[in-house]
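Below is one structure; the comments refer to it alone.
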Number of protein chains: 2
Amino acid sequence: MIVKKKFFTFAYPPHEFVFEMGKKLGPLTIAYETYGELNEEKTNGILVLHALTGDSHAAGFYSSEDLKPGWWDNMVGPKKPIDTEKFFVICSNVIGGCMGSTGPASIDPKTNKPFGMRFPFVTIGDMVRAQKRLIDHLGIKKLLAVIGGSMGGMQALEWSVRYPHMVHGVVPIATTAKHSAMAIAFNEVARQAIINDPNWNYGDYYDKLPPIHGQAVARMIGHITYLSDIALRKKFDRSVQDTAYKKNPFDTQFSVSSYLRYQGEKFVNRFDANSFLYLTRATDYFNLAQTHGQGSLVKAFSKAKAKFLVISFSSDWLYPTYQSKELVKALKKNGLEVNFCEIRTDYGHDSFLISNPKLEALVAGFLDNLYETKVKKGKC
Amino acid sequence: MIVKKKFFTFAYPPHEFVFEMGKKLGPLTIAYETYGELNEEKTNGILVLHALTGDSHAAGFYSSEDLKPGWWDNMVGPKKPIDTEKFFVICSNVIGGCMGSTGPASIDPKTNKPFGMRFPFVTIGDMVRAQKRLIDHLGIKKLLAVIGGSMGGMQALEWSVRYPHMVHGVVPIATTAKHSAMAIAFNEVARQAIINDPNWNYGDYYDKLPPIHGQAVARMIGHITYLSDIALRKKFDRSVQDTAYKKNPFDTQFSVSSYLRYQGEKFVNRFDANSFLYLTRATDYFNLAQTHGQGSLVKAFSKAKAKFLVISFSSDWLYPTYQSKELVKALKKNGLEVNFCEIRTDYGHDSFLISNPKLEALVAGFLDNLYETKVKKGKC
């Protein structure tokens, strides 16, 4: 499947997008990709939402020479769980990011310099409000489903209560209605690693060396939280490597160390440090109950109308199953149709990105059911 | 209880201490404290071993104006679980540290400059071998018990197999025979935070500004791993504070963030960054089975002769209970007398530092039993 990154720029009246925290900006651009064909009735649209450092490239390859498919290529494609022979799949990048959408690294037209820290604070609500413009632009009145893992799951939840009339089905995976103190704590330390790097320079580093050391440390912290004790043990245990990744006299030789450092360095090359600050902050401040239910999650979901499939992973200690169960409980109290499954797996939080027959079957089944009842039936 | 820090300097033939990794150094100094009186037979000695960033000040106050007691004051003192009316308690600082013992911040007599990274690599075995010199110096042939939590527990385990004829009882608390890949990973990231700080300067910062930012981040990472999801939730949840601890435009207002930053800054003032590198490395490389049993923990403990009391904490995810159970299994396979308890508590790894009736009762009971059978009986 050869795909193409697209861009949607909106300068909707009054020409500026009003962020939830009050600032205005415009026009804004969202990078997105689509897979499959939108049917005539425009009823087969599925919006896929990516995690913190993801992008709009969920599936396929950019060219026949491209070796690396999109991040959810096991899930999205012809005859795959999110079947592009049936569905029109849209994957939207988030505003505040750095993968083609307007964010801190974008040029501020007023100054002709990158926004840096002058970019407005972004919330999960802002991301979803911007995505809504994209869905409107595509002429879709109601999405068959919104689906996402981690920060993508937060967006899916936000969609369900902010635009209840626009979604038939919602699939929040490995996510939470609000960050625990521990999740905030890890994000905070990761941000501190960047902010404390002298190269960060209050976010104005775009014409200089970026805060690569701090950013690498931030990524390493995050990366550990995405895995699990057992996943790390199975993958590395205490193995050492002779061809040590030694850059300084104090480097250890444990494979897990080299692996993390490799992940850290790779991240520096593909992601903007300021976007990392903005997006982690958005996840920390995400609080569905507070924003939509005056502190009550049950009340927040009273607005929702969709069917839900909630999925958690047994070894995910960043957003543990008890947090998914809180979602399920609040949804059920509103009489909503909810399917819930905790998938037993060792891969930790990142499990949603890894091919898993159970995950694939659950999502395929849920979407097929929606397809039968909402798309085919609508045609009759 | 008013106590005093003491120092023992040894220049044992051939005047230098040979580190396990081969380097020699001497003379070396160990900071230590003692509480209670050594009996005539010298049979009531208990060696208390501290954790990574601990020191020899386990109990009491340095003066009547001193507001802060030693780190295990709930455990060590008159009529306390480690009862100084019965026992002669020794708490020894570790070499490689920075709390009065010879370490990277000490002056190298050959250059008149701090050792920095030229200090020999230190192992848990080296710490214990140096402590043995101290115990010899105090005239104690056999300790009634060695007891310690976390890195202190590693030393206790090392004592049990390295000097089996010198210990009657061993109490490893919240510890492990080897670090998991996850524990190594967290230490690695913490070290990278320091090493990546330009002020670290390959360890030569003693006449300049130390790597305070990297070190603070390192401490924050560690601190999260010492706590637990539930402990953080109970203490902070998502509370925010108005009097925000704001140093830069991107600081969040979550209490957990301020708390961590406070911990990070406090740590910078009291601990040497290079010692942090050396000691975390020592814990990562600690591997009892490899050093003493050719890879077999059962074989390693075949040398041990002591009675054991192994204690873990249910919410400790840094050294989870399964690691203590591995110790217990290997000890039992050697026919050794082992008591084991997983204490249910929400406080995570740091539980061993917090007053806990169950912990106190277990330790008191174990030591009383040793006292009755080894000290009193010996007198008869």
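Observations on the model:
- A single entry from A:Asn201, A:Asn196 fulfils the requirement of being more than 9 Å from every other protein chain (Cβ to nearest Cβ), out of contact with any Leu (no Cβ under 7 Å at 6 or more places or on another chain) and without any contact (Cβ under 8 Å) to a residue 24 or more places away in the chain: A:Asn201.
- Looking only at segment A:117-167, and only at residues there that are touching a strand residue (DSSP E or B) at 6+ places or on another chain (Cβ under 8 Å) and among the hydroxyl-bearing types (Ser, Thr, Tyr), the one that is farthest from A:Lys307 (Cα to Cα): A:Ser150
- In summary, B:Met154 fulfils each of the numbered conditions (1) facing chain A (nearest Cβ under 9 Å); (2) of a type in the set (A, V, I, L, M); (3) touching a Ser or Thr at 6+ places or on another chain (Cβ under 7 Å) with the single exception of condition (1).
- Single unsatisfied condition, B:Lys4 versus (1) out of contact with any Ser or Thr (no Cβ under 8 Å at 6 or more places or on another chain); (2) basic (Lys, Arg); (3) within 19 Å of B:Val128 (Cα to Cα): (3)
- Top-ranked residue of segment A:271-319 - restricted to ones that are in contact with a Lys or Arg (Cβ under 7 Å, 6 or more places away or on another chain) and of a type outside the set (Gly, Ala, Ser), ranked as farthest from the other protein chains (Cβ to nearest Cβ): A:Val298
- Among residues of segment A:321-338, those that are surrounded by fewer than 16 Cβ atoms within 10 Å (Cβ to Cβ) and not in a helix (DSSP H, G or I), counted: 2
- Of residues in segment B:241-267 being away from chain A (no Cβ under 11 Å) and over 33 Å from the mean Cα position of the chain (by Cα), the one modelled with the highest pLDDT: B:Gln241
- Count - residues of segment B:167-190 that are facing another protein chain (nearest Cβ under 7 Å), over 25 Å from B:Leu362 (Cα atoms), out of contact with any Phe, Trp or Tyr (no Cβ under 6 Å at 6 or more places or on another chain) and not in a loop (DSSP other than H, G, I, E, B): 5
- Pairing residues of segment B:223-239 that are more than 8 Å from every other protein chain (Cβ to nearest Cβ) and free of Cβ contacts under 8 Å to residues at least 40 places away in the same chain with residues that are part of a helix (DSSP H, G or I) and surrounded by fewer than 21 Cβ atoms within 10 Å (Cβ to Cβ), at Cβ distances under 7 Å and at least 6 apart in sequence or on separate chains, gives B:Ser239/B:Ser255.
- Residues in segment A:52-86 that are surrounded by fewer than 17 Cβ atoms within 10 Å (Cβ to Cβ) and part of a strand (DSSP E or B): A:Phe61 alone.
- Filter result (part of a helix (DSSP H, G or I) and touching a residue at least 12 places away in the same chain (Cβ under 8 Å)) within segment B:294-320: B:Leu297, B:Val298, B:Ala300, B:Phe301
- Filtered residue count, segment B:1-51, keeping only those that are in contact with a His (Cβ under 8 Å, 6 or more places away or on another chain) and part of a loop (DSSP other than H, G, I, E, B): 4
The values are calculated or read from the model by the stated rules, or taken from the named source; none is laboratory data. Computed from a prediction, not measured in an experiment: that's the story for all the values here. Cβ atoms come from the backbone with ideal geometry, glycine included; neighbour counts cover every protein chain shown.
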